[in-house]
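The structure appears right after this line, and notes come after that.
What follows is calculated from the coordinates using simple rules that are stated; it is not laboratory data. Owing to the predicted nature of the structure, the values given are computational and were not obtained by experimental measurement. Positions of Cβ are backbone-derived with ideal geometry, glycine not excepted, and every protein chain shown enters the neighbour counts.
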Amino acid sequence: MTIPRLLVVDDDLELREMITRYFQSQGFAVSSAATGAEINAAMERFRIDLILLDVMLGDESGLDICAELRTQQDVPIIIISALSSDSQRMQGYSAGADDYVAKPFNPDLLAARVKAVLRRGNRAASLSYRRSAGLYRFEGWSYDARTGEARAPEGYLVPLSRRESALLKALLANPLIPLRREEIAEALDPDRDPERAMDAAEGRAIDVLVGRLRGKIESNPKDPRLIRTERGVGYVLACEVTQE
């Protein structure tokens with residue numbers, strides 16, 4: 001099961017830590033930030049599923065940050081603010097927020113709002129393989145998405161075909177997220193109609209491709225530890241990944 005990761009953004013350290021501890025106790029993975037620069041760093045390092053964003057961040061405006069994020073990301077954003085008039089809420093929604101929660105708030109109610117936004121979020125838009133990326137590191141391996149080169153923990157290069165490289169990039173950009181075969185097919189062929197149903201031959205071709213990639217990066221392809229099969233869904237890269 002994939003654990004959603006939240007990014008808590010507030011310049012109040014005590015409140016930021018309280019929200020972080022609460023959502024960790026609810027089973028979420030949580031990162032935190034206090035500035036726009038720290039938000040960008042977290043977005044580069046992790047796959048963020050939802051941002052909890054304060055409006056007043058010292059010299060920075062949470063509304064401006066929200067609007068800027070909206071030009072770059074489809075990640076859901078919930079604004080948390082002590083400013084709770086109707087006009088201020090409208091400013092938040094106009095900046096691109098998916099929801100607006102006034103301080104002080106009930107943590108259980110905030111959690112319910114987070115879960116509701118995540119449920120209605122567009123999964124396809126949030127899959128990060130559509131974003132350009134640089135260098136990925138995982139389990140001692142490195143993969144340069146710009147050149148398509150994969151380097152084993154021992155230091156030697158492992159040759160990948162174009163489709164193997166595209167598959168690895170899709171998995172690396174979405175660690176711990178089970179990808180359906182249709183989503184993998186779209187990553188392999190961006191021109192594929194996402195509404196088109198997958199036929200048996202296309203599904204088998206993806207299974208064969210996964211098998212070939214396992215043969216190159218798994219220590220035991222018959223008992224894969226990195227690329228795991230998610231029964232009834234597809235495949236998942238079952239390890240943490242860092243991006244540079």
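Any chance the stretch 205-223 includes a residue that's in a loop (DSSP other than H, G, I, E, B), closer than 19 Å to E164 by Cβ and touching a Ser or Thr at 6+ places or on another chain (Cβ under 8 Å)?
Taking every residue of the stretch 205-223 in turn, none turns out to be in a loop (DSSP other than H, G, I, E, B), closer than 19 Å to E164 by Cβ and touching a Ser or Thr at 6+ places or on another chain (Cβ under 8 Å).
Taking the stretch 26-83 only, how many residues are surrounded by 20 or more Cβ atoms within 10 Å (Cβ to Cβ), assigned to a strand (DSSP E or B) and out of contact with any Leu (no Cβ under 7 Å at 6 or more places or on another chain)?
4
Pick out the one residue from G234, G203 that is free of Cβ contacts under 8 Å to residues at least 60 places away in the same chain and closer than 27 Å to A29 by Cα.
Within the list G234, G203, the selection yields G234.
I'd like to check something: does the stretch 229-236 contain any residue that is among the aromatic types (F, W, Y) and either surrounded by 14 or more Cβ atoms within 10 Å (Cβ to Cβ) or assigned to a helix (DSSP H, G or I) (or both)?
Yes, that holds for at least one residue.
Any idea how many residues of the stretch 24-50 are touching a helix residue (DSSP H, G or I) at 6+ places or on another chain (Cβ under 7 Å) and of a type outside the set (G, A, S)?
Within the stretch 24-50, residues that are touching a helix residue (DSSP H, G or I) at 6+ places or on another chain (Cβ under 7 Å) and of a type outside the set (G, A, S) number 7.
With the checklist (1) over 24 Å from F46 (Cβ atoms); (2) without any contact (Cβ under 8 Å) to a residue 24 or more places away in the chain; (3) assigned to a helix (DSSP H, G or I) in hand, flag the one item S165 doesn't pass.
That leaves (1) as the condition not met.
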